[in-house]
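The values are calculated or read from the model by the stated rules, or taken from the named source; none is laboratory data. This one's a predicted model, so the numbers in the text were calculated from it and none came from an experiment. Positions of Cβ are backbone-derived with ideal geometry, glycine not excepted, and every protein chain shown enters the neighbour counts.
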2 protein chains.
Amino acid sequence: MIPKSHPRFVSLMTRELIIEGVKNGITSTQGLIAQGRGEAFDYLIGEKSTDGALAAEKIAAAELLLARRPVISVNGNAAALVPGELIRLGEIVNAPLEVNLFHRTQERVDKIIKHLHSLGAQNLYTKSDALITGIEHERAKVDSDGIFSADVVLVPLEDGDRCKALVDMGKTVIAIDLNPLSRTAQGATVTIVDNIIRAVPNISKFAGELKGLRKEELQEVVMGYDNKKTLSLAIDEVKTNLDSFFANRYISPQ
Amino acid sequence: MIPKSHPRFVSLMTRELIIEGVKNGITSTQGLIAQGRGEAFDYLIGEKSTDGALAAEKIAAAELLLARRPVISVNGNAAALVPGELIRLGEIVNAPLEVNLFHRTQERVDKIIKHLHSLGAQNLYTKSDALITGIEHERAKVDSDGIFSADVVLVPLEDGDRCKALVDMGKTVIAIDLNPLSRTAQGATVTIVDNIIRAVPNISKFAGELKGLRKEELQEVVMGYDNKKTLSLAIDEVKTNLDSFFANRYISPQ
């Protein structure tokens with residue numbers, strides 16, 4: 001047991017959830033490596049939701065509320081880390097969930113669907129009867145009524161090729177990615193540079209606040225959004241943190 | 001099979017070696033997360049041995065050659081990634097290897113020893129009859145003739161507490177750590193901010209070149225070495241890369 005007083009409690013507990021996900025067959029082994037990459041970038045952005053991330057999370061909420069057919073894509077890491085939070089967000093913005101794996105096996109898809117059902121998910125796309133164009137067959141499989149037909153897709157932790165393929169299909173892609181330089185981050189319509197465990201509740205909170213607005217008012221919220229600016233802010237944050245962490249370690253070494 | 005032409009061939013092959021290590025019981029599950037963190041930082045330093053890293057690798061070679069009792073510590077990730085390279089370095093600088101695990105089980109220690117033997121390692125410390133002071137019992141176990149008595153220890157991928165404990169015992173600690181802000185990086189005597197798969201062969205190369213020198217000449221090589229400067233150079237490199245990667249992605253998006 002990790003004591004709550006541990007300075008890295010949240011990070012360590014998150015890690016335990018991912019390891020648990022692997023044990024339960026929900027998360028892939030590759031997902032552990034992805035988690036490690038995320039830890040490094042989360043550390044560099046200060047393990048907090050930056051102003052730039054919060055701004056993108058508000059845009060994401062507005063886009064999901066404006067969507068005609070929003071879908072929330074769920075992968076093995078998201079299912080291990082924030083299954084309940086994704087279900088809750090889906091309810092608030094009226095977006096079904098769809099399991100979509102990079103290292104896809106039908107067994108793992110079924111396990112994740114079962115897991116989401118057990119946590120109360122009622123609105124799930126579960127077919128794999130359509131293909132996203134331009135990517136390798138197994139990785140292209142989606143539900144014809146779900147991601148395939150969606151106008152807005154929230155993809156926590158997506159890979160670069162699929163992100164691009166979804167954008168090329170004309171969809172608004174909201175990505176959650178801690179690496180502001182990744183192809184996903186660069187290719188998405190709205191990139192949330194934040195840890196998924198903070199990002200999803202934040203989007204839900206904003207969605208709750210914005211839900212009462214009329215369509216025109218929501219359109220005003222998203223108008224003029226500049227994703228390049230979001231990424232640039234994240235990079236500036238990392239650079240500032242590198243200097244400040246380095247300076248502070250040497251003032252007060254552990 | 002990953003084609004050699006893949007732009008991320010080395011990174012992906014390294015990942016496969018770690019996954020193979022987990023399957024063989026050599027690497028811990030936590031080692032996969034550590035690998036992911038390393039990938040992120042390696043990406044940020046440009047996936048190359050920087051001038052600062054090369055300078056530290058040369059110092060490391062000189063320190064190992066100057067040592068009366070050098071030891072190379074081997075953990076689960078190092079054993080999966082560079083077992084042969086560590087054996088070779090040990091032969092060049094006359095340093096035995098000692099298996100030393102953060103997530104220690106006797107079974108995994110034995111598997112790694114067997115693995116190293118099968119690859120030709122002849123000089124191994126295998127007892128666990130002494131304790132490093134100031135850290136938790138299981139993690140403190142070392143060989144009384146090995147790390148416990150060493151004057152210079154090379155610790156690829158060490159954790160912060162143990163690095164500090166070894167330094168507190170008066171040892172010269174050479175760490176290989178891709179995160180220039182980690183407690184290990186900050187606490188070691190010589191920090192090599194480089195990927196272990198590049199760092200170990202580099203140290204061997206420098207050791208081969210320096211081997212003919214007299215003791216006084218080696219002492220001149222290490223004299224005035226400033227580890228804080230090494231770390232500062234690594235941080236500057238990351239900052240420069242952040243700007244240049246960001247700029248270039250936008251000039252030529254994938």
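Can you find a residue in region B:86-103 that is within 14 Å of chain A (Cβ to nearest Cβ) and touching a residue at least 40 places away in the same chain (Cβ under 8 Å)? Outline the logic, then answer.
Our first condition is that a residue be within 14 Å of chain A (Cβ to nearest Cβ); within region B:86-103, this holds for B:102-103.
Within this subset, residues satisfying the condition of being touching a residue at least 40 places away in the same chain (Cβ under 8 Å) are B:102-103.
Checked region B:86-103: at least one residue is within 14 Å of chain A (Cβ to nearest Cβ) and touching a residue at least 40 places away in the same chain (Cβ under 8 Å).
Identify all residues within region A:27-58 that are modelled with pLDDT of 95 or more and over 21 Å from A:Val238 (Cβ atoms); write none if there are none.
Listed by number, the list holds a single entry, A:Lys58.
Show me the helices (runs of 4 or more DSSP H) found entirely inside region B:177-254 where at least 3 residues are more than 14 Å from chain A (Cβ to nearest Cβ).
Numbers: elements: B:183-187, B:196-210, B:215-222, B:227-251.
Passing ranges, in order: B:196-210, B:215-222.
Could you tell me which numbered condition A:Ser49 fails, if it satisfies all but one of (1) away from chain B (no Cβ under 14 Å); (2) touching a helix residue (DSSP H, G or I) at 6+ places or on another chain (Cβ under 6 Å); (3) without any contact (Cβ under 8 Å) to a residue 24 or more places away in the chain; (4) not charged (D, E, K, R)?
(3)
State the number of residues belonging to region B:1-16 that are within 12 Å of chain A (Cβ to nearest Cβ), without any contact (Cβ under 8 Å) to a residue 60 or more places away in the chain and within 21 Å of A:Gln35 (Cα to Cα).
Keep residues of region B:1-16 that are within 12 Å of chain A (Cβ to nearest Cβ), which gives B:7-8, B:11-12, B:14-16.
Keeping just the survivors that are without any contact (Cβ under 8 Å) to a residue 60 or more places away in the chain gives B:7-8, B:11-12, B:15-16.
Those left that are additionally within 21 Å of A:Gln35 (Cα to Cα): B:8, B:11-12, B:15-16.
Going through region B:1-16 one residue at a time, the tally reaches 5.
Given the condition over 30 Å from A:Tyr225 (Cβ atoms), surrounded by fewer than 23 Cβ atoms within 10 Å (Cβ to Cβ), in contact with a His (Cβ under 8 Å, 6 or more places away or on another chain) and touching a residue at least 60 places away in the same chain (Cβ under 8 Å), answer yes or no: does some residue in region A:17-24 qualify? Quick ask: steps written out before the conclusion?
Taking region A:17-24 first, the residues over 30 Å from A:Tyr225 (Cβ atoms) are A:17-24.
In the following step, the residues that additionally are surrounded by fewer than 23 Cβ atoms within 10 Å (Cβ to Cβ) were identified as A:17, A:19-20, A:22-24.
Still in the running and in contact with a His (Cβ under 8 Å, 6 or more places away or on another chain): A:24.
Okay, now just the ones that are also touching a residue at least 60 places away in the same chain (Cβ under 8 Å), so A:24.
Yes - at least one qualifying residue is present in region A:17-24.
Looking at region B:173-208 only, could you name the residues that are among the charged types (D, E, K, R), closer than 19 Å to A:Glu39 by Cβ and crowded, with 24+ Cβ neighbours inside 10 Å? Don't jump to the end; show me each part of the working.
Keep residues of region B:173-208 that are among the charged types (D, E, K, R), which gives B:177, B:183, B:194, B:198, B:205.
Those still in the list that are closer than 19 Å to A:Glu39 by Cβ too: B:177, B:183.
Within region B:173-208, just B:Asp177 meets the criteria.
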